[in-house]
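A short write-up of the structure that comes next.
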Amino acid sequence: MITIELPRVLAPYAGSSTVVTVEESCATVGDALNALSSRFPGVVDRVVDERGMVRQHVNVFVNEESTRFLQGLATPVPEGSNVLIVAAVSGG
Amino acid sequence: MPNSATTTANGDVCVLIGTMKGAFFAWSDEKRENWRLDGPHFRGQSVYSLAFDNRGGRNRTFAATQSMHWGGTVRTSDDFGRTWSDGERQSVRFPAESGLALTQIWQIRPGRADEPEIMYCGVEPAALFESHDRGESWSIVEGLLNHEHRTQWQPGGGGLCLHTILLDPQNRERMAIAISTGGVYRTEDGGKTWRARNVGVRAQFLPDKYPEFGQCVHKIVHHPSRPERLFLQNHWGLYRSDDWGDNWQDIANGVPSDFGFAMLMHPHDPDAVFIVPLESDEFRCTPEAKLRVYRTRDAGGNWEPLTDGLPQADAYEAVLRDALTTDSMNPAGIYFGTRSGKLFGSGDEGSTWREIADGLPPVVCVKTAVTSAASEAE
């Protein structure tokens, strides 16, 4: 099982929850998001753009390590991993 | 013509205000003297495009909402913002194979009066989407997506945006669009093919000053009673075309600057156009620190400043391309918002002005709705 933590702003698209779990077997972050998309497509729309890339101002961490400095969506997610999705510090 | 209001009867007026941090509605009765502000809707999100559609018995407001972090979508309301569609799915999406991703929705507009299910939107990166179900779902116009000029279009300061869509009310196959920077393009076959229509329009910033395409067109307008006659506010230059953009002639007669963004067609007079000149591309503020709307009543032969009620000292303002609009009433109301967060309005076609709001986030678009249903929803 993979646990995915969401910012509160995405909770309306995840059944009002900020923590969701993926029971399916997932090898990578991308797999976990794909699994999530069937239940909560509005969440995945907001994390990943049409090209399948994590949006510029969104950060995804696996067990507190930024996937930007790992393998992006190809970053492995071992069983029991915690995936944290947050808005980047950028703003305007 | 009004960018969104399609009625001609007098009634309550709602000015729809899109800002960098949300949308606001300003309400008044047909006197348009006293206003009440409602909002913000979509707190923290930019709203670059708003539209009102009253075709087919609807009173539907459209808002293009964009989160810096989480992307953008089209939201709709049938009760003037009391409730909005949830916008769960981001329905304006490039095909995956295009390699493009939506950056911003710059324009939403209803289709022709006799095709009430049709909506259009123009986006960044420059592309056109259409909806055949009143904005529930959107599909890209492939003919423009795959245009051979696409790789040579360049982003302006606001991005590579398709910001204006003009429809021929008589001919469903014909429409014109404007891209900054790309120029004006026109289709005669319902969007399958597009031809650049920029002959005579200057590109100050290119070695070839009169290229086939690549101009930084800031806005084009026309009147439905004379759809073939287009007016154009360029990145330097004011132009008119009498033949749907095949040829353009300079009409910058007596304006303090021919640089600017906003341009507005009078809703009832096909010879009357409004602009808000800015000093230059280097200093994008009102010339001489005076906030002046200029109006022509003879299709660009002459321009006159409209200043009564507008600040004429220390006014370093800017009005962006979609932040100047009209209502459909008679006499027409004229409204504009500034980057400094002010909203001005005139209930007498620009002769006198009053400040409707101040302290808003930077205003990026202003549209109107005129409907008796507006008051019922309050």
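The values are calculated or read from the model by the stated rules, or taken from the named source; none is laboratory data. Only a predicted model underlies this, so the values are computations on that prediction, with no experimental measurement involved. Glycine also receives a Cβ, built like all others from the backbone with ideal geometry; neighbour counts cover every protein chain displayed.
Data table
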read-out	value
Test: residue in segment A:45-57 that is surrounded by 15 or more Cβ atoms within 10 Å (Cβ to Cβ) and among the small types (Gly, Ala, Ser)	no
Residue within segment B:103-112 that is surrounded by fewer than 21 Cβ atoms within 10 Å (Cβ to Cβ), within 12 Å of chain A (Cβ to nearest Cβ) and touching a strand residue (DSSP E or B) at 6+ places or on another chain (Cβ under 6 Å) present	yes
Residue under evaluation B:THR187, criteria (1) buried (at least 18 other Cβ atoms within 10 Å of the Cβ); (2) under 30 Å from B:ASN146 (Cα atoms); (3) within 19 Å of the chain's Cα centre (by Cα), criterion not met	(3)
Qualifying residues in segment A:1-15 (those that are surrounded by fewer than 19 Cβ atoms within 10 Å (Cβ to Cβ) and away from chain B (no Cβ under 14 Å)) - the one modelled with the lowest pLDDT	A:MET1
The lone exception for A:ASN63 - which of (1) exposed (fewer than 14 other Cβ atoms within 10 Å of the Cβ); (2) within 14 Å of chain B (Cβ to nearest Cβ) it fails	(2)
Only listed residue being within 14 Å of chain B (Cβ to nearest Cβ) and touching a strand residue (DSSP E or B) at 6+ places or on another chain (Cβ under 9 Å), chosen from A:ASP31, A:ASP45	A:ASP45
Some residue of segment B:93-108 being hydroxyl-bearing (Ser, Thr, Tyr), in a loop (DSSP other than H, G, I, E, B), farther than 17 Å from B:VAL141 by Cβ and in contact (Cβ under 8 Å) with a residue 12 or more places away in the chain	yes
Wholly enclosed strands (runs of 3 or more DSSP E) of segment B:222-281 bearing at least 2 residues more than 18 Å from the chain's Cα centre (by Cα)	B:226-234
Only one of B:ARG43, B:ARG60, B:ARG75, B:ARG134 that is touching a Gly at 6+ places or on another chain (Cβ under 8 Å), in contact (Cβ under 8 Å) with a residue 40 or more places away in the chain, under 24 Å from B:ALA323 (Cβ atoms) and among the charged types (D, E, K, R)	B:ARG60
Criterion: within 14 Å of chain A (Cβ to nearest Cβ) and closer than 17 Å to A:VAL47 by Cβ - qualifying residue of B:SER139, B:SER91, B:SER98	B:SER91
Check on B:ASP78, under 22 Å from the mean Cα position of the chain (by Cα), of a type in the set (D, E, K, R), surrounded by fewer than 19 Cβ atoms within 10 Å (Cβ to Cβ) and more than 29 Å from A:ILE85 (Cβ to Cβ)	yes
Single condition B:ASP168 does not satisfy, out of (1) in contact with a Phe, Trp or Tyr (Cβ under 9 Å, 6 or more places away or on another chain); (2) buried (at least 21 other Cβ atoms within 10 Å of the Cβ)	(2)
Residue in segment A:16-26 that is modelled with pLDDT of 95 or more, within 14 Å of chain B (Cβ to nearest Cβ) and surrounded by fewer than 19 Cβ atoms within 10 Å (Cβ to Cβ) present	yes
